1. Please compute the average number of Cβ atoms from other chains found within 10 Å of each residue's Cβ in peptide A:107-114.
2. In peptide B:270-279, how many Cβ atoms from other protein chains are near each Cβ within 10 Å, on average?
3. Output the peptides B:9-21, B:92-104 sorted from most to least packed, where packing is the average of other Cβ atoms within 10 Å over each peptide's residues.
4. At q = 0.14, 0.15, 0.16, 0.18 Å⁻¹, work out log10 I(q)/I(0) for segment A:10-226 with the Debye formula, treating every Cα as an identical point scatterer and leaving solvent out; two decimals please.
5. Calculate the radius of gyration of the Cα atoms of segment A:150-296 to one decimal place, then report Dmax, the largest Cα-Cα distance, as a whole number, both in Å.
6. Could you pull out every one of the lysines with an alpha carbon less than 22 Å from that of B:LYS160, ignoring same-chain neighbours closer than 8 positions?
7. Taking R0 as 22 Å, what FRET efficiency do you get between B:ILE380 and A:THR187 from their Cβ-Cβ distance, rounded to the nearest 0.05?
8. Looking at segment B:1-78 from every direction and averaging, what is the projected area of its Cα convex hull in nm²?
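Coordinate-derived values only; no laboratory data. Please read all numbers here as calculations on a predicted model, not as lab measurements. Don't worry about glycine lacking a Cβ; one is built from the backbone with ideal geometry, like all the others, and counts go over all protein chains shown.
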Amino acid sequence: MTTSTHTPVLQVIDLSLRYQTRQGEVQAVEGVSFELQQGQSLGLVGESGCGKTSVATSLMRLLPENARLTRGQVRLNGTDLLELDDEEMRSYRWRRIAMVFQAAMNSLDPVHRVGQQIIEAIEAHGMETTVSDARERVARLFRMVGLDPQLMDRYPHEFSGGMRQRAVIAMALSCDPDLIIADEPTTALDVIVQDRILRELKLVQQELRMGMIYISHDIGVVAEVTDRIGVMYAGRLVELGDTADVFRSPMHPYTAALMSSFPSVHGERLPLQGLAGEPPNLIDPPSGCPFHPRCQYADEVCRTEFPERSIHEDHWAACWHPLEVTVTGDGSRDGCG
Amino acid sequence: MTGYLAKRAGQMALTLFLIVTLTFFLVQAQPGDYATFYALNPDLPAEVRAQIKESFGLDKPLWQQYLVHMKNTFTGNFGVSFGHFPRPVLDVLAERLPRTAVLFLTATAVSFYVGFFLGKAIAWRRGGVLEYAATISGATLFTAFTPAFGLMMIWIFAFKLGWLPVGKFLDPLVWRGAEVSANHVFSYMLVTGAAFIAFAFLVLFFFRRSGRIGSAPLVRPVIAVAALAIPVAWAFSDIGYLALDILRHMILPIVTLTLISFAGTMLLTRNSMLETMREDYVMAARAKGLPEKVVRDRHAARNALLPVVTSLVYSLIFAIDGSVIIEGVFSWPGMGMTLLDAVRSEDLPLVMGSMVFIGLFSLLAHVIVDVLYVYLDPRIRYQ
């Protein structure tokens, strides 16, 4: 993996987000901290409503009106994005952080030509000065994501789902961002197209040496494309580590449960296990460790106190009783915690 | 496109045929006939009355009359107006139709623009003072009784303040000694207006095709210069003061029509905007770092426009319907007034001719809006 001696592209420090709703205040994100090095990719996984998309939209500062960032910093190459005024933030969007949206199918405007929608971003950030240069850039991007450049003058409804997805990725790459956030970009696609696009996304990301945050509920997909994995539960980051380490030896009981609820093609045949219970209500989250009502190892301390962990360890979990290593390979590792 | 237009033309011909048929039988169903205008004189002996009837072909069976009428209508023979004798009906309509069309198309365009502009502004900034002011005043005016409101406008702006003429198409005092006819000046004005619109479209087209990014801001200045040059050129011509007189007479009816109808477009745009603002592509546009104004206009409002344009057909039809009332209030000598006068004076050829042309006008409005819609929404293609 990349060594952590470089200054990171992205530092998220103690990020906390609340939504005001009629039922009460939702603690959507609570004290999330992580770092991302240049050219590195981080996967954020968790169930629906665990706050992973909220983290992504906080990074872009594209939050709905009822959202409020209560604490934290988002440092992109050292600049805290949460301190910028609207106009400065506007110039950062897409130029520094771009996003491939969850609903990629709908993130193309139906009344404008696909190429034009990319050109308008190129234009807004002054990446090219003439229309022909901008078109040339779009053609390059199209080729990069495996689309015929001639398609740039077509409308979104003339594209198939996979083609739209590729176009949206090309759009995200159009202003050479330092960081790209992919929020469940392939969920709406069939498995074969999904796999191919994932591979290409990973190749492009490595080639351009961008940082990437890949958000998905599917830990298997995340494992394919990312160097590191962060597992989120109830608005908190509960485990973070290198993808291989997390897979080989999940430390948080929730991570282990998440992994056993998805089938694996490789390795031995294990029965799929569901995770009993419901994710907690974030208007009134459980005391202590939010996972304790569903956790088989929970005891008194879990119910009263949240297990804080330093983010400087390579692989950590916010758990009072981290799992012993389940050995699949060398068998030399020990559970930490 | 050609195939689509051909199909639409076929549908129009069929609808027009139905309109002509309906008009014919509606007029037949009324008491009296074509000869009434001439034959009502009680001093006429019965034989003369019969002779008059015969000269109109009224002694023939109804189906024969219908066929003759059909043939005449579709060969462009609308007969001679009784009230404007000996002018042919077509001649009277050719004078009146443009006056109505210009007045009501301008009013519809202005009210559409104002409504769309306000609608997108109040949707974008919800809960502001503008939203309450625009919604309350718009809804009040929308529900106002048109003739009463028209009279109130005349009372304020023409009578009390004296800024604008009370009504009619022109002021005879201004035109005394003028060497050209009002129709002549008016047709020049129409040509100028059409040329300006064509020029504006060409400028838009040219700059969109040009090679440099950021040249779009030139569009507005160029069009603005042209818009300024036109009145200046007219001012130096020797019929400029006559055109100004016609324009002055147009202001009050246009403002009145705009005020009573903009709220429909405004509220529709607002609701449509609130839908599109939630769309993912609007979020994506903002994520791309586009300026807020571009996100609003090029993405949210551009998509919100689609359902609003559909309603434009109804506005146009409403405008023609309303012409009878508005032209009555403002004594504007257009189609509405012509139709009303013709009905009152049993000028049946003019009644039938007016009905057919009003029908034709609304058919054209439909086609224009349909073509516009196809142009605005690429997902719809002419089938």
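1. Working: counts 9, 3, 12, 8, 11, 7, 1, 0.
Neighbouring Cβ atoms belonging to other protein chains average 6 per residue here.
2. Values: counts 0, 0, 0, 0, 0, 0, 1, 0, 1, 5.
That average works out to 1.
3. Numbers: B:9-21: 13.9, B:92-104: 20.8.
Ranked by mean Cβ neighbours within 10 Å, highest first: B:92-104, B:9-21.
4. Ignoring solvent entirely, the Cα scatterers give -0.87, -0.99, -1.12, -1.37.
5. Here Rg and the maximum Cα pair distance are 17.9, 57 Å.
6. B:LYS168
7. Numbers: r = 29 Å, r/R0 = 1.32.
After rounding to 0.05, the efficiency reads 0.15.
8. Working: hull surface 24.9 nm².
Spelled out: convex hull of the Cα atoms, projected over all directions, averaged, 6.2 nm².
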